[in-house]
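Asks: Sharing a structure, written as structure tokens. Questions coming.
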Amino acid sequence: MMKMAFRFLAILLLVTCVAFGSVTERLNLNQGGPIDGVSGVTFDGQAFTVPGHDPVTRNDVSSVEFLQEGQSEKVAAMAAGEGLSPEARAGFEGAKRMISAFPGISGVILVDDGAFIYHKDGTNMYRYHFAGLVLKEEQKAWAQVGAGFEEGRSRVRILYGRAFAPDGSMTALTPAMLKVSSPSEDMMFFNPNRKLLSGVIPGVEVGCIVEYSYEYEEYSPEDPRLFNPGFFFQGTDPMILSRVTVEMPKGVALNHVTRRFPDPKKAEPVVEDKGDVQVYTWQLENMAPIVAEPMMPPEPDVVPMLECSLFKDQQEVFDLLRRLQEPRMQRTPELDAKVQAIVQGAASDEEKLARIYHWVEENTRYISIKGSLGAGFSGHTAQETFGNRYGDCTDKSILFCTMLKSVGIDAYPIILLTNDAGTSITEIPTLSGNHCISEVCFQGRNFYLDTTAQTYRYPFFRADDHGVTALNAIRGDLKTIPVPPPEDNRRISRLDVALAANGDASVKSRNEYNGTVEAGVRAFWKRAREDERKPMMMEYVNSISPGAVLHDFTLSPLEDLSKPLAMTLDYALPGHAIRVKDLMYLRMPTLERDFPEAALDTRRYPIQYMTTEERALDIDLEMPPGFHVKWTPAPLDISSPYLDYHAKYEEKDGHVLLHESFRRTERVVPSADYSAYRDALRNIAAFGKQEVFLTEKD
């Protein structure tokens with residue numbers, strides 16, 4: 001019977017969410033029989049108040065059950081199988097355990113089941129089955145069922161979609177409720193053949209079980225080798241059954257790799273012979289929810305996962321991509337003429353390279369219009385992208401590499417998986433990636449540039465490209481893109497602060513940037529209209545100190561990528577220092593730091609940044625006449641495998657000088673080293689919150 005007997009702490013959280021209507025309740029006691037058939041039970045944190053009974057302390061109650069009045073038979077029938085799949089029914093007991101173990105979860109996935117089927121002719125099918133118990137409003141989104149397909153190549157069928165309410169009633173998704181939609185041409189990504197079949201299961205409310213299944217069939221594959229089943233066996237919601245099968249014709253080899261399986265034995269598939277096919281099965285049960293931690297790795301790098309491939313070796317992958325890329329990298333007279341115009345007057349080959357990099361960034365709008373493997377993994381021709389003045393990452397890389405040929409520089413399009421999307425699969429030959437950049441071979445060195453963004457100044461490139469695997473199909477190799485040193489992602493700040501005897505301060509600051517931080521600041525201000533910039537800057541100085549008054553600010557030309565970005569600020573901080581008779585104390589402006597990644601006492605997962613970082617801050621505080629330093633924080637020096645930090649105050653000729661330098665030298669901090677790293681960050685944050693004390697006394 002679907003009585004859902006939960007431990008009382010879990011169910012108390014749940015009862016505020018589940019709209020059972022008029023219900024009866026049962027209190028199961030640790031000793032003696034249950035208290036049945038009562039309504040209106042309340043709990044004050046210490047004891048249950050039960051109408052018609054004496055109060056019952058929380059320690060005397062093992063669990064609380066809720067049944068809708070007059071509907072117990074329908075609920076029991078639903079649990080017994082009227083409409084629900086056997087897999088979903090089998091998940092009830094596990095769901096109860098999950099609700100008890102993880103109070104506050106928004107839902108429990110009862111069934112997460114995928115089946116890949118590959119046929120001898122290269123056609124293939126994917127069938128997916130889902131069932132989930134909705135516990136909070138946000139999981140009503142499970143009512144939305146949809147899958148994409150490509151006209152002329154694939155099709156989708158939604159086999160069923162239904163919702164089972166706590167009263168035993170069922171609502172169903174009907175064919176009339178389904179719709180086929182196309183992506184808007186105004187979107188950044190557009191495939192004219194791409195469609196979406198979708199529908200919303202009606203009647204889904206908190207307390208319902210949602211169940212649906214759909215099939216995706218690729219009946220005209222562009223390349224039969226592009227069959228790469230993949231599956232994740234865990235997520236942010238608990239899963240009772242997570243399973244995937246891959247059915248292959250006998251004699252067709254299936255490469256497969258698994259990662260992060262809790263039991264190494266389950267990382268290997270169960271293989272069954274069924275006539276002319278072999279079925280590979282991977283299955284995990286009762287998977288706890290992933291509990292998010294600040295700045296943790298992406299989910300693909302923390303959950304059990306599977307990926308498969310039909311390529312016999314990596315060379316086959318290289319050959320496929322090379323045949324697609326090379327024909328699209330052909331120079332044309334129009335392209336050559338444009339390149340010569342761009343580099344005219346350049347003082348060196350490196351300046352030519354930088355000019356071409358900036359031109360492709362700024363003059364090729366990012367829009368992806370794709371309809372095939374050839375366009376998706378190798379782009380349009382360089383001439384097409386040049387003429388269109390738009391393209392996606394692949395198009396822009398193809399264009400950039402081709403334009404560099406005109407000045408005698410070799411460059412190659414590179415396929416990669418960005419570091420915010422997981423770690424590339426290299427254990428088996430596979431064609432995977434979500435981004436394309438360029439590898440440049442210049443003056444005896446190889447390095448990487450990414451023309452996708454419009455705000456990176458040569459030789460800097462996007463931070464999500466750092467530290468990932470780079471697939472160079474034309475040359476035929478896999479390399480790791482180095483993580484740039486901290487000085488390639490730097491912010492240098494200089495503040496001159498004049499402090500008056502009444503505590504008012506005036507500040508003149510200059511900030512200089514490079515790398516990712518420069519690109520981010522440049523992009524931020526480019527998005528802001530001219531008339532918005534001053535109010536936004538006023539808001540910024542007020543974040544330094546409430547009541548701050550902006551006098552002036554400057555930005556170096558945002559459109560000029562040939563010069564580093566610099567920003568100056570001139571502002572006042574009324575009452576910034578507190579004066580008590582002959583004593584004055586204050587915090588140095590802009591010194592405070594916040595490190596959300598150090599908020600937890602312990603961590604299960606590593607801290608993962610996109611790249612390294614360097615900050616340098618120099619503050620020159622001119623004290624009021626007659627004042628000198630009474631106390632400043634002691635110097636702080638931290639050196640570790642992951643960061644270097646040095647900060648020191650000194651008094652000199654009526655001035656308080658502070659020099660601070662922060663260098664984060666690694667992109668990833670393992671959880672095993674978190675404790676020491678956390679303490680270092682907390683010490684840095686504490687240093688920035690300490691006041692400087694000045695006095696008029698000798």
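Asks: Only one of THR602, THR611 is among the polar types (S, T, N, Q) and either crowded, with 21+ Cβ neighbours inside 10 Å or in contact with an Asp or Glu (Cβ under 6 Å, 6 or more places away or on another chain) (or both); which?
Replies: THR611
Asks: Just checking, which of PHE233, PHE164 is out of contact with any helix residue (DSSP H, G or I) (no Cβ under 6 Å at 6 or more places or on another chain), surrounded by 19 or more Cβ atoms within 10 Å (Cβ to Cβ), in contact (Cβ under 8 Å) with a residue 40 or more places away in the chain and of a type outside the set (Ser, Thr, Tyr)?
Replies: The conditions single out PHE233.
For (1) assigned to a loop (DSSP other than H, G, I, E, B); (2) farther than 29 Å from PHE227 by Cβ, each residue gets a yes or a no:
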{"position": "PRO300", "(1), (2)": "no, no"}
{"position": "GLU307", "(1), (2)": "no, no"}
{"position": "LEU320", "(1), (2)": "no, no"}
{"position": "GLU334", "(1), (2)": "no, yes"}
{"position": "GLY345", "(1), (2)": "yes, yes"}
{"position": "HIS358", "(1), (2)": "no, yes"}
{"position": "GLU361", "(1), (2)": "no, yes"}
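Each row is one residue, and each column tells you yes or no for (1) at pLDDT 95 or above; (2) of a type in the set (Lys, Arg); (3) crowded, with 17+ Cβ neighbours inside 10 Å; (4) assigned to a loop (DSSP other than H, G, I, E, B).
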position: HIS129; (1), (2), (3), (4): yes, no, yes, no
position: ALA141; (1), (2), (3), (4): yes, no, no, no
position: ARG157; (1), (2), (3), (4): yes, yes, no, no
position: PRO192; (1), (2), (3), (4): no, no, no, yes
position: LEU196; (1), (2), (3), (4): no, no, no, no
position: PRO202; (1), (2), (3), (4): yes, no, no, yes
position: VAL210; (1), (2), (3), (4): yes, no, yes, no
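Asks: Could you count how many residues in segment 615-668 are touching a helix residue (DSSP H, G or I) at 6+ places or on another chain (Cβ under 8 Å) and in contact (Cβ under 8 Å) with a residue 40 or more places away in the chain?
Replies: Adding up the residues that qualify gives 9.
Asks: Could you grab me the full set of residues in segment 529-555 that are part of a loop (DSSP other than H, G, I, E, B) and either exposed (fewer than 14 other Cβ atoms within 10 Å of the Cβ) or assigned by TED's automatic domain parsing to the domain that holds PHE461 (or both)?
Replies: Residues satisfying the conditions are ARG529, PRO546, GLY547.
Asks: Checking the condition at pLDDT below 65, buried (at least 16 other Cβ atoms within 10 Å of the Cβ), of a type in the set (Gly, Ala, Ser) and not assigned by TED's automatic domain parsing to the domain that holds GLY203, which residue from SER22, SER63 passes?
Replies: Going through SER22, SER63 in turn, the sole match is SER63.
Asks: Assess whether VAL468 counts as being touching a strand residue (DSSP E or B) at 6+ places or on another chain (Cβ under 8 Å), within 20 Å of ASN542 (Cα to Cα) and β-branched (Val, Ile, Thr).
Replies: no
Asks: Would you confirm whether or not segment 577-586 contains a residue that is over 28 Å from ARG510 (Cα atoms), in a loop (DSSP other than H, G, I, E, B) and more than 36 Å from the chain's Cα centre (by Cα)?
Replies: Within segment 577-586, one or more residues are over 28 Å from ARG510 (Cα atoms), in a loop (DSSP other than H, G, I, E, B) and more than 36 Å from the chain's Cα centre (by Cα).
Asks: Sticking with this one: Please state which one of PHE231, PHE261 is modelled with pLDDT of 95 or more and part of a strand (DSSP E or B).
Replies: Going through PHE231, PHE261 in turn, just one is modelled with pLDDT of 95 or more and part of a strand (DSSP E or B): PHE231.
Asks: Report every pair of residues separated by at least 6 positions or lying on different chains whose Cβ atoms are under 6 Å apart, first residue within segment 543-571 and under 25 Å from LYS352 (Cβ atoms), second assigned to a strand (DSSP E or B) and of a type in the set (Gly, Ala, Ser).
Replies: Every condition considered, the pairs that remain are SER556/ALA566.
Asks: Next question, about the same structure. For segment 494-511, what are the residues that are in contact (Cβ under 8 Å) with a residue 60 or more places away in the chain and surrounded by fewer than 20 Cβ atoms within 10 Å (Cβ to Cβ)?
Replies: ARG494, ASP496, ALA498, ALA500, ALA501, ASN502, GLY503, ASP504, SER506, LYS508
Asks: For residues that are over 24 Å from the mean Cα position of the chain (by Cα) and surrounded by fewer than 18 Cβ atoms within 10 Å (Cβ to Cβ), tally how many sit in segment 512-524.
Replies: Adding up the residues that qualify gives 1.
Asks: If the requirement is being within 20 Å of the chain's Cα centre (by Cα) and either in a loop (DSSP other than H, G, I, E, B) or of a type outside the set (Gly, Ala, Ser) (or both), which of these qualifies: THR590, THR602, THR611, THR568?
Replies: Just a single option satisfies the conditions, and that option is THR611.
Asks: Are any residues in segment 379-420 in a loop (DSSP other than H, G, I, E, B) and under 15 Å from ALA470 (Cβ atoms), and if so, which ones?
Replies: Let us first name the residues in segment 379-420 that are in a loop (DSSP other than H, G, I, E, B), namely 379-381, 389, 392, 406-409, 417-420.
LEU417, THR418, ASN419, listed by residue number.
Asks: Can you pull out every residue in segment 614-628 that is crowded, with 17+ Cβ neighbours inside 10 Å and more than 15 Å from ARG593 (Cα to Cα)?
Replies: Within segment 614-628, ILE619, LEU621, GLU622, MET623, PRO624, PHE627 meet the criteria.
Asks: Somewhere in segment 287-295, is a residue outside any loop (DSSP other than H, G, I, E, B) and either β-branched (Val, Ile, Thr) or closer than 26 Å to LEU471 by Cβ (or both)? Steps first, please.
Replies: Let us first name the residues in segment 287-295 that are outside any loop (DSSP other than H, G, I, E, B), namely 287.
Next, from what is left, pick out any that are either β-branched (Val, Ile, Thr) or closer than 26 Å to LEU471 by Cβ (or both): none.
No - not one qualifying residue is present in segment 287-295.
Asks: Does segment 658-675 contain at least one residue that is aliphatic (A, V, I, L, M) and within 28 Å of SER506 (Cβ to Cβ)?
Replies: Looking through segment 658-675, at least one residue is aliphatic (A, V, I, L, M) and within 28 Å of SER506 (Cβ to Cβ).
The values are calculated or read from the model by the stated rules, or taken from the named source; none is laboratory data. Remember, predicted model here, so these are calculated numbers, not experimental data. A quick note on method: Cβ atoms are made from the backbone with ideal geometry, for glycine too, and the neighbour counts reach across all protein chains shown.
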